[in-house]
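First up is the structure itself, then whatever we jot down about it.
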Amino acid sequence: MKTVLILIFALWSAGNELQAGQTQPEQATTVLEVQGAGHPQTIEIPVTIDGQPFDVYWSGTFDAIFDFADTNQDGVLSETEIKLVPSARAVRLSLGNAFTPPVAAITSLSEIVKDSSQKCTKTQLRNYYLRHGAGQLQIGTGTLPHTSALTQALVQALDTDQDHQLSEVELQRAETVLRKLDTNDDELIGVGELIPNATYPGSWAAHALTAEQEVSLTPTGKSDLTLKRQNSQAEVKPENHSAWQLSVTDHISDQPLNFTTPKIRFESWSIPGPLNELFSQLREEIANADPDPPQAEPEQRSRNRRPSRAWLTPLGDRSGNGVLSQDEIDQWLQLQQRLIHGQLLISIYSGGGLFELLDTNHDAGLSIRELRNIWQNLKAAGCTTGSHVNLQQVPHVVLFVVSQGYPNQLGKTTTSDVEWFNLMDRNRDGDISRREFTGPPAAFDRLDQDHDSLISPLEAVKSN
């Protein structure tokens with residue numbers, strides 16, 4: 001019963017979701033400020049949803065909620081109609097549930113308007129949501145786990161001459177040396193294989209970054225470099241200013257963040273997130289559910305009974321007759337789809353180190369190509385002196401990941417327009433190895449144009 005599980009998660013997460021933050025309406029553009037040695041640097045995050053600025057899209061979404069509840073279309077909401085309006089908490093919870101769950105229901109107009117004798121207008125409903133943090137760009141922060149242990153494990157495995165240093169020669173042999181750690185035989189050296197039973201990156205970045213709050217970007221917790229969400233956009237931009245443009249249409253796209261400091265390396269990307277898949281499951285479950293509430297029945301019969309959608313009736317019964325029509329279900333689902341389409345979460349993970357520098361697609365595993373490029377990547381990051389690695393020069397790595405909903409993993413998705421490539425790339429590392437290739441060896445050799453024993457997406461495209 002997936003619907004029941006979703007509802008249970010909604011009720012559980014009511015006390016665990018990212019907090020609403022400040023009571024002031026969200027600005028059109030979110031601005032983050034990095035403070036440390038020297039002058040402040042800012043990161044501007046403009047967001048568009050279907051070509052509209054983020055706040056404009058959400059203003060339209062609040063109006064869509066109003067129109068759904070305004071069943072007599074008189075331009076105001078009565079005490080009866082307000083019961084069809086999801087609470088601000090329910091709207092925030094849709095970030096993790098793919099719909100507004102029946103929690104913290106609005107029971108009276110007095111929760112929205114000061115005078116209970118009044119009726120609610122569109123402007124009053126918008127202000128209610130904004131006061132309670134709905135329709136805001138959610139930003140969560142967290143610290144990447146196991147950084148020191150991962151560095152130690154990598155050094156121990158790669159330092160074959162045991163001189164407590166990593167040389168260029170040793171790193172050139174990384175693919176061969178680390179192969180023995182691949183216990184699940186997926187051609188990736190995962191976090192759990194370097195540190196037994198370790199999970200990565202752990203839970204989502206669950207500490208809400210609210211306006212004017214500072215968080216440390218250093219793994220020691222010292223405040224030498226901090227990140228703060230500004231309450232409003234600064235009128236005068238500092239000299240060191242960057243923008244991370246986010247756009248949502250049928251998918252999320254972003255322009256990579258071009259921002260760094262001498263001590264910290266920032267990396268940014270977008271991943272789909274689970275909301276669209278969860279919403280598809282919800283739609284299917286509602287279509288297959290029994291319209292009636294469950295009845296007390298013998299155990300054998302209850303096992304075979306379809307799940308009930310009775311929980312949906314008070315949320316979508318616009319006619320007030322206690323029975324949901326298909327049109328009412330469709331209107332409620334259409335509203336939910338608009339709500340989740342604008343739900344974005346930026347997860348900011350700080351405290352990364354050597355592993356994050358080498359795991360360039362951040363899928364929590366070092367691929368064959370990543371192992372081959374260890375020395376080049378460290379050299380490009382300024383972490384080498386002569387023919388050895390200077391571990392003291394490894395920068396702290398901060399990851400910026402935007403998704404629709406709480407991400408299950410952080411890996412950058414690598415897809416190709418070539419269908420057979422996507423089917424063969426079983427470990428999703430963006431390359432096809434000889435073991436993954438299901439065709440004859442001669443075909444692999446023909447496709448592998450640079451003869452590195454890997455077929456890249458570009459080589460796959462050229463083959464068509």
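The values are calculated or read from the model by the stated rules, or taken from the named source; none is laboratory data. Computed from a prediction, not measured in an experiment: that's the story for all the values here. Every residue, glycine as well, gets a Cβ built from its backbone with ideal geometry; the counts of neighbours run over all protein chains shown. Side chains included, ligands, DNA and RNA excluded: accessible areas come from the protein's heavy atoms. Shrake-Rupley method; radii C 1.70, N 1.55, O 1.52, S 1.80 Å.
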The chain: angle of helix 326-341 to the longest principal axis, Cα-based, in degrees nearest 10: 40
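If you average over every viewing direction, what projected area does the convex hull of the Cα atoms of the chain give, in nm²?
Numbers: hull surface 112.5 nm².
Dividing the Cα hull surface by four gives the mean projection, 28.1 nm².
Using the Kirkwood formula over every pair of different C-alpha atoms, what hydrodynamic radius in Å results for the stretch 21-171?
Details: mean 1/r = 0.0515 Å⁻¹.
Here the Kirkwood hydrodynamic radius works out to 19.4 Å.
Local charge sum around V398 (other residues, Cβ-Cβ under 12 Å, Lys/Arg +1, Asp/Glu -1)? All intermediate terms of the calculation are to be shown ahead of the outcome.
Details: positive: K263, R265; negative: E267, E356.
For residues surrounding V398, the net value is 0.
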The answer for the chain, accessible area per residue at 1.4 Å probe in Å², is 48
The Cα radius of gyration of the stretch 370-427, divided by 2.2 N^0.38 Å with N its residue count, comes to 1.62
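Carbon and sulfur atoms: what percent of the 1.4 Å accessible area of the stretch 315-426 do they account for?
Values: 1970 of 4370 Å².
Carbon plus sulfur share of accessible area: 45 percent.
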Taking every pair of Cα atoms in the stretch 265-407, average 1/r, invert it to obtain the Kirkwood radius, and report Rg/Rh to two decimals. 1.27
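Could you rank the peptides 351-358, 108-115 by their average count of other C-beta atoms within 10 Å per residue, with the highest value first?
Values: 351-358: 23.1, 108-115: 15.2.
Highest to lowest by the protection proxy: 351-358, 108-115.
Counting every Cα pair in the stretch 24-108, what percent are over 16 Å apart? Display every interim value, and only then the final one.
On the way: 2402 of 3570 pairs.
Above the 16 Å cut-off, the stretch 24-108 has 67 percent of its Cα pairs.
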To the nearest Å, what is the center-to-center distance of the stretch 369-401 and the stretch 166-193, using C-alpha atoms only? 16
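Counting every Cα pair in the stretch 354-464, what percent are over 24 Å apart? Present the calculation step by step, with values, prior to reporting the outcome.
Values: 2333 of 6105 pairs.
Tail of P(r) above 24 Å: 38 percent of Cα pairs.
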When the dipole is taken about the Cα centre of the chain, and only Lys, Arg (+1) and Asp, Glu (-1) are charged at their Cβ, what size is it in debye, to the nearest 20? 840
Can you compute the modelled spin-label distance between S78 and Q331, with each label point 7 Å from Cα toward Cβ, in nm? 1.5
Distance between the C-alpha centers of the stretch 78-95 and the stretch 117-133? Whole Å please. 11
Environment charge of F437, counting only residues whose C-beta is closer than 13 Å and scoring Lys/Arg +1, Asp/Glu -1: -3
If you fit an axis through the alpha-carbon atoms of helix 54-69 and take the longest principal axis of the Cα set of the chain, what angle between them do you get, 0 to 90°, nearest 10? 30
Helix 122-131 sits at what angle to the longest principal axis of the chain, using alpha carbons and giving 0 to 90 degrees rounded to 10? 40
Rounded Å value of the spacing that divides the Cα centres of the stretch 249-290 and the stretch 414-464: 26
Using the Kirkwood radius over C-alpha pairs as Rh, can you work out the diffusion coefficient of the stretch 116-177 via Stokes-Einstein at 20 °C, viscosity 1.002 mPa s, in µm² per second? 126
By what distance, in whole Å, do the Cα atoms of the stretch 73-160 stretch along each of the three principal axes, largest value first? 78, 20, 19
